[in-house]
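Visitor: Let me give you the structure first, and then I'll get to my questions.
The values are calculated or read from the model by the stated rules, or taken from the named source; none is laboratory data. For clarity, every value in this text was computed on a predicted model and none was experimentally measured. Glycine also receives a Cβ, built like all others from the backbone with ideal geometry; neighbour counts cover every protein chain displayed. Heads up: the accessible areas ignore ligands, DNA and RNA and are worked out on the full protein's heavy atoms, side chains in. Shrake-Rupley method; radii C 1.70, N 1.55, O 1.52, S 1.80 Å.
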Amino acid sequence: MTTALSGVMLLVLSSLAKSEVAGIREWRRANLLAVAALLLFAARGAVPEFLTIEVANALYLGTITMSYVGFRRFLGRSVPWRWLAGAALAAMSALVFFHHAVESAPLRIVAMSLYHGAVCFAIGTTLRGKVEPSLRYSFTFTRCAALVLGVGHAWRGTFYAIDAYQPYSLLEASTYNLVFFAIGTLALPALTLGAVMMANARLIAASTHAADHDHLTGAASRRAFFAFAERELARAERRGSGLGLLLVDADHFKRINDTHGHGVGDQVLRDLVERTQQVIRKIDYCARLGGEEFAVLLPDADDGTVLAVAQRLRAALERAPQAEVGAAGVSYTVSIGMAMLQPGEGIASLMARADTALYAAKAGGRNRVEAASEPVSAPAA
């Protein structure tokens, strides 16, 4: 059953092979080694002992090792190969010694348990610390599983070290042997389940980020902007706070593309977003609506704050960027339309007034900020 479970995990990981999530390759190798090792363990008595003891245990050392390497790769951390190689060599040397020099199956278990337990604790240590919210649950599950397995291996090693020369059979029909054997054979499926959960959470987070961000500039996408704007509108109405909107458009952007090429035009857009993020507040929200038009939503802001941010932004973008930093040294300016949310107004109306102000800034000579007029109230009946 454990072999079949490892085989299923291998198929699941294979389905994620093209996802480019770091660690998938190592986790696949771990489960492939596990299938081979478990089949050899099950063949005890039917094939030579060298295969069911030395080879099988060496393969199973490889399973926990590759699992640990996968978690390190997933987190973008270096792998302590010297430590792993030294510890694995020591464990295998002890196993060979207690098989051929001094026959003791319990001491072979102790040697294997020490290595497996140490690596499980290393996995638990690797996964501790602050993580992104989308990975918190999968990290917690995997870390707890690794630490529980580490304790289990330590318990098993201690149990067999107490009476190292007692008769022992791998398939002994006793409760404690079943428990200890399960600890060893179910370790990888449990850790692989955590690995799959982590990989899946990262893929979902990456997909969500791609949907919510413009791939060229890194600014929020149009879809994400309107979702955020609706939430801020509801909050502003609930709290009675101010909400400002800036529509920012790069002046003569077509001329930049025609003169310098679309590559430079793309650099201009990236530079615009980068410098906008440096000017606006942390609570403000910058998004690309399309082409060279961007929106900046300013929650909890009054007219004076929004106007000041708009003027700082216009002045900051008027300066030519450094050639080695971005936009190939091409200078550009922006026109900005500004609007403040009025009582009872919706996002569509706020956007329309800011857009009208933006066109006024363009018509007024560009490189300027224009404030929108208040919406016209319907006459009372």
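Visitor: Return the only residue of R314, R235, R255 being under 20 Å from A361 (Cβ atoms), open to solvent by less than 60 Å² (accessible area, probe 1.4 Å) and either in the same structural domain as A352 (by the TED database) or not in a helix (DSSP H, G or I) (or both). Please lay out each step first, then the result.
Guide: Working: R235 fails: under 20 Å from A361 (Cβ atoms); R255 fails: open to solvent by less than 60 Å² (accessible area, probe 1.4 Å).
Only one candidate qualifies: R314.
Visitor: Identify, from the list G218, G263, G240, the residue that is open to solvent by 20 Å² or more (accessible area, probe 1.4 Å) and closer than 24 Å to A352 by Cα. Spell out how you get there, then give the answer.
Guide: Details: G218 fails: closer than 24 Å to A352 by Cα; G263 fails: closer than 24 Å to A352 by Cα.
Only one candidate qualifies: G240.
Visitor: I need a count of the residues in the range 221-232 that are aliphatic (A, V, I, L, M) and either in contact with a Cys (Cβ under 9 Å, 6 or more places away or on another chain) or open to solvent by less than 30 Å² (accessible area, probe 1.4 Å) (or both). Talk me through it step by step, then tell me what you get.
Guide: At the first step, the residues of the range 221-232 found to be aliphatic (A, V, I, L, M) are 224, 227, 229.
Imposing the further condition that a residue be either in contact with a Cys (Cβ under 9 Å, 6 or more places away or on another chain) or open to solvent by less than 30 Å² (accessible area, probe 1.4 Å) (or both) reduces the set to 224, 229.
Qualifying residue count, the range 221-232: 2.
Visitor: Can you tell me which residue is nearest to G124 (Cα to Cα) among those in the range 42-100 that are open to solvent by less than 30 Å² (accessible area, probe 1.4 Å) and among the polar types (S, T, N, Q)?
Guide: S67
Visitor: How many residues does the range 331-348 contain that are polar (S, T, N, Q) and more than 37 Å from the chain's Cα centre (by Cα)?
Guide: 1
Visitor: Can you find a residue in the range 222-244 that is in contact (Cβ under 8 Å) with a residue 40 or more places away in the chain and closer than 20 Å to T333 by Cβ?
Guide: No, the conditions are met nowhere in the range 222-244.
Visitor: Here is a further query. Give the residues of the range 258-289 that are of a type in the set (G, A, S) and either part of a loop (DSSP other than H, G, I, E, B) or within 19 Å of R366 (Cβ to Cβ) (or both), sorted by residue number.
Guide: Correct list: G261, G265.
Visitor: Then there's this: Confirm whether S221 is modelled with pLDDT of 90 or more, of a type in the set (S, T, Y), more than 18 Å from the chain's Cα centre (by Cα) and over 21 Å from G23 (Cα atoms).
Guide: So S221 passes the test.
Visitor: Does the range 279-291 hold any residues that are more than 17 Å from T305 (Cβ to Cβ) and surrounded by fewer than 19 Cβ atoms within 10 Å (Cβ to Cβ), and which are they?
Guide: G290, G291
Visitor: Consider only pairs whose beta carbons are under 6 Å apart and that are at least six residues apart or on different chains; among these, list those whose first residue lies in the range 250-278 and is under 13 Å from G291 (Cα atoms) and whose second residue is among the basic types (K, R) and surrounded by 12 or more Cβ atoms within 10 Å (Cβ to Cβ).
Guide: Qualifying pairs under 6 Å: D251/R366.
Visitor: Identify, please: which residue in the range 122-158 is assigned to a loop (DSSP other than H, G, I, E, B) and open to solvent by 60 Å² or more (accessible area, probe 1.4 Å) and is, among those, nearest to L51 (Cα to Cα)?
Guide: It comes out as R128.
Visitor: Also: Only one of these conditions is not met by A22: (1) in contact with a Lys or Arg (Cβ under 7 Å, 6 or more places away or on another chain); (2) part of a helix (DSSP H, G or I); (3) open to solvent by 20 Å² or more (accessible area, probe 1.4 Å). Which number is it?
Guide: Result: A22 passes all but (2).
Visitor: Using the structure shown, decide if V119 is in contact with a helix residue (DSSP H, G or I) (Cβ under 8 Å, 6 or more places away or on another chain) and surrounded by fewer than 19 Cβ atoms within 10 Å (Cβ to Cβ). So that I can check it myself, show each step before the final result.
Guide: Values: in contact with a helix residue (DSSP H, G or I) (Cβ under 8 Å, 6 or more places away or on another chain): yes; surrounded by fewer than 19 Cβ atoms within 10 Å (Cβ to Cβ): no.
So V119 does not fit the description; no.
Visitor: Moving to a separate point now. Among the residues of the range 192-215, how many are surrounded by 13 or more Cβ atoms within 10 Å (Cβ to Cβ) and either at pLDDT 95 or above or more than 30 Å from R128 (Cβ to Cβ) (or both)?
Guide: Going through the range 192-215 one residue at a time, the tally reaches 1.
Visitor: Which residue, of A90, A56, is in a helix (DSSP H, G or I) and either modelled with pLDDT of 95 or more or not assigned by the TED database to the domain that holds F139 (or both)?
Guide: It is A90.
Visitor: Mind telling me which of the residues T259, T305 ends up being more than 14 Å from G218 (Cβ to Cβ), out of contact with any helix residue (DSSP H, G or I) (no Cβ under 6 Å at 6 or more places or on another chain), modelled with pLDDT under 90 and of a type in the set (S, T, Y)?
Guide: It is T259.
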